[in-house]
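The numbers here are math on the coordinates, done by the rules we state, and not lab data. Owing to the predicted nature of the structure, the values given are computational and were not obtained by experimental measurement. So basically every Cβ, Gly included, is an ideal-geometry build from the backbone, and we count neighbours across all protein chains shown.
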């Protein structure tokens, strides 16, 4: 058992929202644990031995409410001070990245080194403090400074390597995409898409195209494929096989305990889609999120078998296409709560070790809702997790990026405890039109600065889509551009040197 004392305003905190909190091991894999809060103390009873850390939403000054991790600590009788261990965790990760990124080789990086040293100095004061409340206050200060410098460091590194990638011609012609709203196929919607993006993602959802067994509805997808093909806009087909509640048709549930039948039905669905659209779509997200919580309780071996079937069939029917396996919730926090799931890194590694024939991994970065996989992370964490997946040796596509332009229905209480919010966190202030735009610019620069990232696709063109985050589109419900859409146009002109006409 490990425990953490939480201080607020010089005394033990009376309230704390642990929504989203989980334990994490030394290998960064989430651990199953019982986490409780009482009388200012977080108690974590984990089900595995060895050092562990705690991840939870925490409000850092001038940064926002972010899902942060403590350093890995050993079990002991007295509690650790939460803010001190959060600061130690971030500063340790910064130290590792200074070496990985070779920051000391840049003459202009002196300021970062000094700021990191100053944050360490504050942490040392916290560790020496006799009063735990004082230590917590100093820990909060060190943490805020560490997060700010790590984000600035991530931006600095991204800008330097994005320039190099641009100069070397390493950015492909299909780097930027966005998902269409299928039931909004009109001239304005298409113009906003084709005028700003290199490709358009079409969600081909099993539940929508076959709502009743053997009764098909291809109308919406057909109309988009026809329109985009006429304008010679590249298309990505997504979610051929996904077992979340949004994708599975109701009639399929009667077979939920019959794996062989579901495998055969899934085979026919994938084959049917590829035969219908394979001539027009050469880029496929074949399986999506089957490692995470879903509607069925398949074993690890059965999930690999389904993935093998879907990727092999795609390669057979679309041999020139790009075949992507999409990983949702890349930090894998869901695994701490659901033993029937698989950590994303383990699933990805097993896809490679099993010899599956596919081209790339897709990663989702969707933040805002208070659900596993969607709690807000900062830019340093995003940069770090992207590099972690690059070690698998496959190209990476960011298949879905999204944050909201506002959060509706959240009315803060007068004296909320740190981390006590009704949504999934915030980044540099409450979500707004301007914050969404700033996030998009920072995220795209960081992602595209990585040589292994081949494309970034926004998860929804408009707020009407119903995909991912409410208010997470780049266009409002009337298809008027938000600041994020306009910033994306200016960003792509800076990077690719060719203006787009999406606003016209």
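Numerical summary
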| quantity | calculated |
| --- | --- |
| Using alpha carbons only: equivalent-ellipsoid semi-axes of region 254-350, gyration tensor based, whole Å | 25, 17, 10 |
| Value in Å of the Kirkwood radius, where region 144-270 supplies the Cα pairs that are averaged | 18.0 Å |
| Percentage relative contact order, the chain, counting C-alpha pairs under 8 Å, at least six apart | 16 percent |
| Packing-based order for 223-231, 459-467, using average beta carbon neighbours within 10 Å, highest first | 459-467, 223-231 |
| Value in Å of the Kirkwood radius, where region 119-197 supplies the Cα pairs that are averaged | 17.1 Å |
| Nearest 10 degrees, 0 to 90: helix 219-230 Cα axis against the chain principal axis | 80 degrees |
| Ranked packing of 81-92, 377-388, most packed first, by mean Cβ within 10 Å | 81-92, 377-388 |
| Contact order relative to length of region 91-174, as percent, for alpha carbon pairs under 8 angstrom and 6 or more apart | 26 percent |
| With Cα atoms, 0 to 90° folded angle of helix 483-496 axis to the chain main axis | 80 degrees |
| Cα gyration tensor, region 196-304 - rounded (a/c under 1.5), prolate or oblate | prolate |
| Region 2-162: C-alpha pair distances exceeding 19 Å, % | 55 percent |
| Cα long-axis angle, helix 259-277 against the chain (0 to 90 degrees, to the nearest 10) | 60 degrees |
| Hydrodynamic radius by Kirkwood, which averages 1/r over all alpha carbon pairs of the chain, in angstrom | 23.8 Å |
| Within the chain, helix-based [θ] at 222 nm, where runs of 4 or more DSSP H residues each add -39,500 (n - 2.57), nearest 500 | -12000 deg cm²/dmol |
| Region 2-162, relative contact order in percent, only Cα pairs under 8 angstrom and at least six apart counted | 22 percent |
